[in-house]
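Only one structure is covered here, and it is reproduced in the block below.
What follows draws every value from the coordinates through simple rules; no lab data is involved. Fair warning: this is a prediction, and the values are worked out from it, not measured in the lab. Here Cβ is always computed from backbone atoms with ideal geometry, including for glycine, and neighbour counts include all displayed protein chains.
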Amino acid sequence: MDNFEKKEVLSFSSNLLNNILQNWLLITCGNINDYNMMTASWGTFGILWNKPIAQVFIRPSRYTFEYILKNDYFSISFFDSSYKDTLNILGSKSGRDFDKMNIEGLKAIDYEGKTVFFEQAKQVLICKKIYSLKMQSENIETDIKNNFYKNGDYHHIFYGEIIDFLKKI
Ligand SMILES: Cc1cc2nc3c(=O)[nH]c(=O)nc-3n(C[C@H](O)[C@H](O)[C@H](O)COP(=O)(O)O)c2cc1C
């Protein structure tokens, strides 16, 4: 935690949409001895139930799905573009087949026993899981369904209350 400072959660926003689009996200769940992470390029952020909220979209086929189901917290780490290769690996290999906890170039940091984030991140959101739902086939617009869900692996949406925002000092 030495290289990070806690910021007011509501101050999180800086160039958010562009950042997600360009540099993606890393979603991590578990504890320092047993965690898994996956790359995502989708995420939505806003206010619900008067709380600052992050939504992430995870298909049941992901190993991370098992972790997010069994953990109450998750983190969202933002990196600069120099981590794109690392995020590509974490977004193309599964923790079922690859030792993600020992990937070169990322050092995990325990977050108050709740979850894990990475020393190399430039910004991190710590999220408490407060709601989830499975996307319903009948509610999805046909073109989107044909583009993204031919295999029926519908995302589940996990709503995290953003309880902390960490910024690299
Ligand atoms: C740029 C990028 C964005 C991705 N976005 C998502 C996403 O939003 N949701 C998802 O379920 N998978 C997404 N993936 C795929 C997972 O990251 C990938 O399947 C990963 O290997 C899952 O790892 P796991 O099995 O260890 O959880 C994305 C992959 C890449 C490269």
If I ask for residues that are within 17 Å of residue 33 (Cα to Cα) and under 16 Å from the mean Cα position of the chain (by Cα), which ones from the stretch 82-104 would you list? 95, 100, 101
Residues of the stretch 102-125 being touching a Gly at 6+ places or on another chain (Cβ under 8 Å) and over 13 Å from residue 83 (Cα atoms), in sequence order, are 115, 116, 125
Quick one: is residue 10 of a type in the set (A, V, I, L, M, F, W, C), in a helix (DSSP H, G or I) and more than 13 Å from the ligand (Cβ to nearest atom)? yes
Being among the hydroxyl-bearing types (Ser, Thr, Tyr) and more than 16 Å from residue 57 (Cα to Cα) is the filter here, so list the residues in the stretch 95-149 that pass it. 111, 115, 142
If residue 120 satisfies every condition in (1) outside any loop (DSSP other than H, G, I, E, B); (2) in contact (Cβ under 8 Å) with a residue 24 or more places away in the chain; (3) surrounded by 13 or more Cβ atoms within 10 Å (Cβ to Cβ) but one, which is the exception? (1)
